[in-house]
Amino acid sequence: MNQPRTIDIHAHILAEDTIGLLAKEAPKLGPRLTAIDSEASVLEVAGAAYRPFPRGGWDLQRRLEDMDAAGVDIQVLSATPQTYYYDQDASAAAALAAIQNEQIARLVAQHPSRFLGIATLPMQAPQKAATELRRAMRKLGLRGAMIGSNCEGKNLDDPSFEPLWAAAAELDAFMFIHPVGVAGMERMKSYYLRNLIGNPLDTTIAAACLVFGGVLERHPNLTFCMAHGGGFVPYQEGRWVHGWQVRPEPKVNLKGSPQASLDRLRYDSILHAKKQLESMIGWVGASRVLLGSDYPYDMAMLDCVRHVRALGISDADKTIILGAEAERLLKKLSERTRQTAAAE
């Protein structure tokens, strides 16, 4: 019996060709790499520097080698958070998102057995974001989008985002929520807390806004996957449900119990610990946990496949997490997109 393909749904890319095209489109905003050594560079985007940016982020051959070494058959490619450009002019951000999406689609076309893709969107202009999502899925064949947990401090329940949610629901898009511009930075300047705590915290805020803002309730077929094991969401589900039952504030935009919305959230497997991941799988079920690595960053789980295979869960649940559910989900979404486009 053939083993299902392993599918890593959380993998970032900023290929060398893409860097050149972004720099040509917007010289002051385009990324620039400055070598640290043969394995990593400083990535500078619009004057902000990130380090280290590992070689696999831009070197396609290294990426494929790393995938083979890790036992990852397919990566779902997404843009780097450094190139979301939410703090830039909306028209420039839309143009730069379009380039990145076209480049991801090109890589998928060149390596169809190794890559799938999801888009990046100009979230500061929700109508432009909706338009780009439609183009990315219908014209480029991408399967959804990775978006930030907020846009320059604006939470995802803000009414201005409704055109995007409507488009995502119409397309059955796979929407991956990734932390960006995290809250509470003034108190997390030490110890790398901005990532260790800040990233899962902002993912949690995003999930809470999608739930209590009624976004999931209004759009019953929307698919959201939350990065890094969902932040603190799976651990605190009971508190959210209890709060809705005893307080008026959580009921303002949510007609029914938050449990119904919570039960539709999906999470990647990036928890870096066996017991915690086993617990999350026990709480939410294997079908809502998808394999992820966060490639190529230093906080990645490059051994994500081995990690899941070593869990104390059934082989059937391991198969679901490693790729069977992602393949079913992304295939369904692709078929729905084709049907919608053909009907228009």
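The values are calculated or read from the model by the stated rules, or taken from the named source; none is laboratory data. Keep in mind it's a predicted model, so treat the numbers as computed, not measured. When we count neighbours, we look across all protein chains shown, and the Cβ atoms used for this are built from the backbone with ideal geometry, even at glycine. Only protein heavy atoms, including side chains, enter the accessible area calculation; ligands, DNA and RNA are left aside. Shrake-Rupley method; radii C 1.70, N 1.55, O 1.52, S 1.80 Å.
Taken as a whole, the condition of being surrounded by 22 or more Cβ atoms within 10 Å (Cβ to Cβ) and within 29 Å of Pro52 (Cβ to Cβ) applies to Ser293.
Figure legend. Inter-residue proximity from the stretch 228-253: first residues polar (S, T, N, Q), second residues outside any loop (DSSP other than H, G, I, E, B), beta-carbon distance below 7 Å, spacing 6+ or different chains. Indicated pairs: Asn253/Phe212. Say whether the condition of being free of Cβ contacts under 8 Å to residues at least 24 places away in the same chain and either part of a strand (DSSP E or B) or more than 20 Å from the chain's Cα centre (by Cα) (or both) is met by at least one residue in the stretch 287-306. No.
Which one is farthest from Leu164 (Cα to Cα) among residues in the stretch 89-122 that are of a type in the set (S, T, N, Q) and in contact (Cβ under 8 Å) with a residue 60 or more places away in the chain? Give the steps one after another, and end with the answer.
First, the residues of the stretch 89-122 that are of a type in the set (S, T, N, Q): 91, 100-101, 103, 110, 113, 120.
Subset that is in contact (Cβ under 8 Å) with a residue 60 or more places away in the chain: 100, 103.
Values: Gln100: 19, Gln103: 22 Å.
Only one residue fits best here, namely Gln103.
Just so you know, in the stretch 1-14 the residues that are among the aliphatic types (A, V, I, L, M) and part of a loop (DSSP other than H, G, I, E, B) include one that is nearest to the chain's Cα centre (by Cα), and it is Leu14.
The residue pairs whose first member lies in the stretch 174-193 and is part of a strand (DSSP E or B), whose second member is hydroxyl-bearing (Ser, Thr, Tyr), and whose beta carbons are closer than 7 Å, counting only pairs six or more residues apart or on different chains, are Phe174/Thr223; Met175/Thr223; Phe176/Ser78; Ile177/Ser149; Ile177/Thr203; His178/Ser149.
Can you tell me which residue in the stretch 152-166 is most open to solvent (accessible area, probe 1.4 Å), limited to those that are within 14 Å of Phe224 (Cα to Cα) and under 18 Å from the mean Cα position of the chain (by Cα)? Selected residue: Asp157.
Are any of the residues in the stretch 148-166 farther than 30 Å from Phe212 by Cα and of a type outside the set (Asp, Glu)? Within the stretch 148-166, not a single residue is farther than 30 Å from Phe212 by Cα and of a type outside the set (Asp, Glu). Counting the residues of the stretch 90-110 that are buried (at least 24 other Cβ atoms within 10 Å of the Cβ) and touching a helix residue (DSSP H, G or I) at 6+ places or on another chain (Cβ under 7 Å) gives 4. Restricting the first member to the stretch 8-26 and to residues that are touching a residue at least 12 places away in the same chain (Cβ under 8 Å), and the second to residues that are among the hydroxyl-bearing types (Ser, Thr, Tyr) and part of a strand (DSSP E or B), the beta-carbon pairs closer than 8 Å and six or more apart or on different chains are Asp8/Tyr295; His10/Ser78; His10/Tyr295; Ala11/Ser78; Ala11/Tyr295; His12/Ser78; His12/Tyr295; Ile13/Ser78. Scanning the stretch 209-228 turns up no residue that is in a helix (DSSP H, G or I), over 24 Å from Asp315 (Cα atoms) and hydroxyl-bearing (Ser, Thr, Tyr). The residues of the stretch 266-286 that are more than 20 Å from Phe174 (Cβ to Cβ), outside any helix (DSSP H, G or I) and either in contact with an Asp or Glu (Cβ under 9 Å, 6 or more places away or on another chain) or in contact (Cβ under 8 Å) with a residue 12 or more places away in the chain (or both), listed by number, are Leu271, His272.
Of all positions in the stretch 141-151, none carries a residue that is modelled with pLDDT of 95 or more, among the charged types (D, E, K, R) and open to solvent by 50 Å² or more (accessible area, probe 1.4 Å). Among the residues of the stretch 116-130, the one identified as surrounded by fewer than 23 Cβ atoms within 10 Å (Cβ to Cβ) and in contact with a strand residue (DSSP E or B) (Cβ under 6 Å, 6 or more places away or on another chain) is Gln124.
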